[in-house]
1. So which residues in the range 1-27 are exposed (fewer than 15 other Cβ atoms within 10 Å of the Cβ), part of a loop (DSSP other than H, G, I, E, B) and either among the hydrophobic types (A, V, I, L, M, F, W, C) or free of Cβ contacts under 8 Å to residues at least 24 places away in the same chain (or both)?
2. Quick check on the range 100-112: of everything there that is part of a strand (DSSP E or B) and over 17 Å from residue 133 (Cα atoms), which residue is nearest to the ligand (Cβ to nearest atom)?
3. Quick check on the range 81-99: of everything there that is assigned to a loop (DSSP other than H, G, I, E, B) and within 14 Å of the ligand (Cβ to nearest atom), which residue is farthest from the chain's Cα centre (by Cα)?
4. Out of all the residues in the range 35-43, is one or more hydroxyl-bearing (Ser, Thr, Tyr), without any contact (Cβ under 8 Å) to a residue 40 or more places away in the chain, crowded, with 19+ Cβ neighbours inside 10 Å and not in a strand (DSSP E or B)?
5. Hey, could you check the range 128-168 for residues that are among the small types (Gly, Ala, Ser) and not in a helix (DSSP H, G or I) and say which is modelled with the lowest pLDDT?
6. Which numbered condition trips up residue 59, out of (1) buried (at least 18 other Cβ atoms within 10 Å of the Cβ); (2) within 16 Å of the ligand (Cβ to nearest atom); (3) of a type outside the set (A, V, I, L, M)?
7. Of all residues in the range 129-140, which are under 14 Å from residue 98 (Cα atoms) and either near the ligand (Cβ under 10 Å from one of its atoms) or of a type in the set (Val, Ile, Thr) (or both)?
8. Restricting attention to the range 23-56, which residues are within 16 Å of the ligand (Cβ to nearest atom) and among the aromatic types (Phe, Trp, Tyr)?
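The values are calculated or read from the model by the stated rules, or taken from the named source; none is laboratory data. All values reported here derive from a predicted model rather than from experimental measurement. All Cβ positions, even for glycine, are placed from backbone atoms using ideal geometry, and neighbour counts span all protein chains on display.
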Amino acid sequence: MRTGHRVTIREGTVAGRDFQVGTLSDIQGHCRFGDHVRLHSNVHIGQRSQVGNFVWIFPYVVLTNDPHPPSEVQSGVIVEDFAAIATMSTVLPGKRVGEGSLVGAMTLVRDDVPAGTICVGVPGKIVAETSKIRFKESGKLVYPWRRHFHRGYPQAIVNEWVQEFPDG
Ligand SMILES: CC(C)(COP(=O)(O)OP(=O)(O)OC[C@H]1O[C@@H](n2cnc3c(N)ncnc32)[C@H](O)[C@@H]1OP(=O)(O)O)[C@@H](O)C(=O)NCCC(=O)NCCS
């Protein structure tokens with residue numbers, strides 16, 4: 001595990017291998033994280049959130065958990081494998097961010113985000129499938145991001161991804 005400065009991780013939280021947490025992030029208790037999860041700085045993860053493997057969460061994202069605050073209800077957010085939540089987004093309690101999906105910057109996730117889709121805006125709307133997105137410069141497919149982004153992952157995993165996407 002690697003962290004920046006002034007990170008809080010409360011009791012009962014369990015994380016897998018190669019967990020990275022940026023400066024000033026706050027992980028409330030009883031959360032679960034899979035392997036190779038990356039949290040940037042100033043991320044707030046509410047109690048009982050469940051985050052899968054290879055998830056990216058960018059600065060100032062908030063995963064909430066109390067539907068009618070203040071209350072004793074804790075309905076944690078679920079983030080599935082390979083999902084990415086872009087900066088300053090908020091996910092409402094109990095919502096599921098599906099596998100390989102992208103939540104765009106400054107989005108309010110009010111409904112579940114289906115796997116492989118892009119959700120943007122306030123309130124969040126599904127605007128596209130990730131599989132249709134291409135880099136503007138090269139025209140190459142962006143998602144799943146593991147087809148081209150390998151930095152910092154173990155070589156054995158990178159080898160699997162290269163075999164999965166030989167054309168990058
Ligand atoms: C979702 C995202 C990838 C879309 O980028 P893009 O493919 O270049 O799409 P465009 O900017 O061409 O926008 C396409 C449409 O979606 C809308 N849209 C895109 N991102 C949006 C967002 N975050 N919120 C609201 N609407 C958005 C645009 O208004 C546009 O609609 P229009 O065609 O009616 O004008 C981008 O907005 C984003 O959030 N990137 C992540 C940035 C980030 O936080 N990175 C991590 C930290 S460095």
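1. Across the range 1-27, the qualifying residues are 1, 5, 6, 11, 12, 17, 23.
2. Among them, the one singled out is 108.
3. Top of the filtered list is 88.
4. Taking every residue of the range 35-43 in turn, none turns out to be hydroxyl-bearing (Ser, Thr, Tyr), without any contact (Cβ under 8 Å) to a residue 40 or more places away in the chain, crowded, with 19+ Cβ neighbours inside 10 Å and not in a strand (DSSP E or B).
5. 168
6. Answer for residue 59: the failing condition is (1).
7. 130, the sole residue that qualifies.
8. 54, 56
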